[in-house]
1. Of Asp44, Asp15, which has the most accessible area and how do the rest follow, probe 1.4 Å?
2. Can you work out the accessible area per residue across the range 12-113, with the rest of the protein chains kept in place, probe 1.4 Å, in square angstrom?
3. List the longest stretch of the chain that has no exposed loop site; here a site is one of the trypsin sites (Lys or Arg not before Pro) assigned by DSSP to anything other than H, G, I, E or B, with at most 12 other Cβ within 10 Å.
4. Residue-wise, which Karplus ³J(HN,Hα) couplings in Hz belong to the range 79-92, taking 6.51 cos²θ - 1.76 cosθ + 1.60, θ = phi - 60°, and x for glycine or proline?
5. Would you kindly calculate the mean projected area, averaged across all directions, of the convex hull enclosing the Cα atoms of the chain, in square nanometres?
6. Report the residue, chosen from Thr47, Thr95, Thr30, that carries the largest GNM mean-square fluctuation when the chain is represented by alpha-carbon nodes joined by springs under 10 Å.
7. Using each residue's phi in the range 67-72, evaluate 6.51 cos²θ - 1.76 cosθ + 1.60 at θ = phi - 60° and report the 3J(HN,Hα) Karplus result to the nearest Hz, with x for Gly and Pro.
8. Could you work out [θ]222 nm for the chain from helices alone, using -39500 (n - 2.57) per DSSP H run of at least four and dividing by all its residues? Round to the nearest 500 deg cm²/dmol.
Amino acid sequence: MVTNITSFGRSGLSDWLIQRASAIVLALYTFFIVAYLLLNPNLDYMTWHGLFAQTWMRIFSLLAFVSLAAHAWIGLWTVTTDYLKGTAIRVGVQTFIILAIFVFLVWGIQVLWGA
């Protein structure tokens, strides 16, 4: 079996499972946010702030952020390994993608848990 050091999981099966599990988390989070917005038509800042001040919502949002990062990396890794045949270009693009995903993840955590 050939393994790639830039793959997220240990095998294609683990990447597939992570991709599906993260998709479920993202779908649940999206459905929750859409339902919350529909059920609160006169949503104001205090209500929105009150929702995200609760620990369970912060944990749910953190889980969604991590799921988004994993889902994006696996998907983009697959696309880059399929379509970018030059090793140097592929590794450069994947490095840029990793850095961008990391920056967005840290930024999201800072917004979510910051003061």
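1. Asp44, Asp15
2. Per residue, the range 12-113 has 67 Å² of solvent-accessible surface.
3. Longest gap between qualifying sites, sites excluded: 11-84.
4. 5, 5, 6, 7, 10, 9, 7, x, 4, 5, 5, 4, 5, x
5. Mean shadow area of the hull around the Cα atoms is 8.7 nm².
6. Sorting by GNM fluctuation, first place goes to Thr47.
7. Values per residue, Gly and Pro as x: 5, 5, 5, 5, 4, 5 Hz.
8. Taken over the chain, the calculation gives -28500 deg cm²/dmol.
The values are calculated or read from the model by the stated rules, or taken from the named source; none is laboratory data. What you see is a predicted model; the values in this text were computed from it and never measured. Backbone-built Cβ (ideal geometry, glycine too); neighbour counts: all protein chains shown. The protein model used for the area step is the full one, side chains on, heavy atoms only, and it has no ligands, DNA or RNA in it. Shrake-Rupley method; radii C 1.70, N 1.55, O 1.52, S 1.80 Å.
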